[in-house]
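The values are calculated or read from the model by the stated rules, or taken from the named source; none is laboratory data. Keep in mind that what you see is a predicted model, and the values were worked out from it rather than measured. Note that each Cβ is placed from the backbone with ideal geometry, even for glycine, and that neighbours are counted across all protein chains shown.
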Ligand code: PEP
Ligand code: MN
C-alpha cells in the first residue's frame, strides 16, 4: 500500500510507480478515500528492492506492508480514517438504521411507498427494498426489474438513499446506471469473489456504499474481512459489514444470531458494522431483541426489514418484518443503548 505525500499522485507520478511495480510483477489499484487517495498493490509486495525504490521517490510518504490476509480493511491501514457516508449520516459515528421491505411487490407498489415514508418518519437514514431476490426455490418469486422504478420513486418522494441487492453483473449495471445509493451483497454471494471484484471495480471512485452480508456458512471473522477486502481492492472503500446470522441455526431461529461479533469486527477493521437482526432470528417477534443486543454490542446500526402491513407482503415480509411503530421505538432505544455501551468500548482493544 502506497501513501502519497500529497492528497494524490499526479498521472506522471502514478505512471512512474506503475513502471517500477511492473518490473516486479505487481500492479496498483487507485482507491479514493475521504481524506486521501491510496494505492493498493496486487502481487508479491515483499521484494525489498522494489520497496526501497518506491520509498525512495520523494512524493511517496510511506510504503505499508500489513501482514494480514486483508490489508485495506485492516484497522491500521491507511484507510482507517476513511468515512463511509450514507445520505446525511456517517456510518460508524452514532447509530443509524436502514429499514424497509424484504421485497418490493411490483403488483402493490403502494405498500412500498407507504413503508418508505413510514420508516423515514421512524428515523431510518436509508430505505431498503429487494428488487431481485435470491430464493432457495427456482419457482419462488425471483424479483422484477419494474420494482426498481418503485425503489427510485421512494427515493424521490422521501429524499432518502435507497438500498437493494444485486446478484449478477446485469443487476449491477442496472443499479449503477440508476445511481442506487447502497448495493447489498447477500449472504449467498458473500463468497462469490468474482461478483465482489466486479462490484468493487464497477463502483470505484463513486459514493456508492456496498453493504456486505456475512456469508451464512462463514466461520472465522477474517473470512468476512477478506471478502470485504475484495470490494475495497476493486477500488471502493465504502464497505459496510453486515452480520446476519450463520448456520447451523439455533433451534427456532432462522439462523444463529451473530450480532456478538460486532466488537471483534470493530477491533480488527475500521469499517462500520450494521447488523441485520431480521434474517438472524427470522421472526418479527424476536427482531427487537436482536436489535437491542446489536446496539449493546456496539454495532453502528441496523439493516432491518420493516413493512406497513407485513401480512400482505411477499418474500420474508410476512414472517420477519417489524412494523414502523416498533421501528420507531427501536431507533430510540438502540441509540440510547449504543450510547450507554460506548463507555465499555473505550479505549478500543485492537484484536
Ligand atoms: C435480504 O436482505 O432480504 C436477504 C435476502 O438477505 P440475506 O442475503 O442475508 O439472506
Ligand atoms: Mn429478506
Looking at this structure, is residue 259 in contact (Cβ under 8 Å) with a residue 40 or more places away in the chain, within 16 Å of ligand 1 (Cβ to nearest atom) and either surrounded by 23 or more Cβ atoms within 10 Å (Cβ to Cβ) or more than 20 Å from residue 99 (Cβ to Cβ) (or both)? yes
Can you say whether residue 18 is in a helix (DSSP H, G or I), surrounded by fewer than 16 Cβ atoms within 10 Å (Cβ to Cβ) and touching a strand residue (DSSP E or B) at 6+ places or on another chain (Cβ under 8 Å), as far as the supplied structure shows? yes
Looking at (1) away from ligand 2 (no atom under 16 Å from the Cβ); (2) in contact with a strand residue (DSSP E or B) (Cβ under 9 Å, 6 or more places away or on another chain), which is the only condition residue 107 fails? (2)
Take residue 322 and tell me if it is over 22 Å from residue 250 (Cβ atoms) and within 16 Å of ligand 1 (Cβ to nearest atom). no
So which residues in region 303-351 are away from ligand 2 (no atom under 12 Å from the Cβ), assigned to a loop (DSSP other than H, G, I, E, B) and modelled with pLDDT of 95 or more, if there are any at all? 308, 309, 323
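In the list 225, 241, 265, 211, which residue meets the criterion of being within 15 Å of ligand 1 (Cβ to nearest atom) and within 14 Å of residue 74 (Cβ to Cβ)?
On the way: 225 fails: within 15 Å of ligand 1 (Cβ to nearest atom); 265 fails: within 15 Å of ligand 1 (Cβ to nearest atom); 211 fails: within 14 Å of residue 74 (Cβ to Cβ).
Within the list 225, 241, 265, 211, the selection yields 241.
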What residue, among those in region 131-163 that are touching a helix residue (DSSP H, G or I) at 6+ places or on another chain (Cβ under 6 Å) and within 13 Å of ligand 1 (Cβ to nearest atom), is nearest to residue 216 (Cα to Cα)? 134
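Kindly establish whether residue 294 is touching a helix residue (DSSP H, G or I) at 6+ places or on another chain (Cβ under 6 Å), in contact (Cβ under 8 Å) with a residue 12 or more places away in the chain and more than 16 Å from ligand 2 (Cβ to nearest atom).
yes
Answer yes if at least one residue in region 24-35 is farther than 23 Å from residue 202 by Cα and at pLDDT 95 or above, and no otherwise.
Taking every residue of region 24-35 in turn, at least one turns out to be farther than 23 Å from residue 202 by Cα and at pLDDT 95 or above.
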Working only within region 249-274, note down all residues that are in contact with a strand residue (DSSP E or B) (Cβ under 8 Å, 6 or more places away or on another chain), in a loop (DSSP other than H, G, I, E, B) and within 16 Å of ligand 2 (Cβ to nearest atom). 249, 255
In region 54-111, which residues are more than 23 Å from residue 321 (Cβ to Cβ) and assigned to a helix (DSSP H, G or I)? 54, 55
Selection from region 275-298 of residues that are closer than 20 Å to residue 265 by Cα, away from ligand 1 (no atom under 15 Å from the Cβ) and in a loop (DSSP other than H, G, I, E, B): 297, 298
Counting only residues in region 299-319 that are surrounded by fewer than 20 Cβ atoms within 10 Å (Cβ to Cβ) and away from ligand 1 (no atom under 16 Å from the Cβ), the one nearest to residue 80 (Cα to Cα) is identified as 309
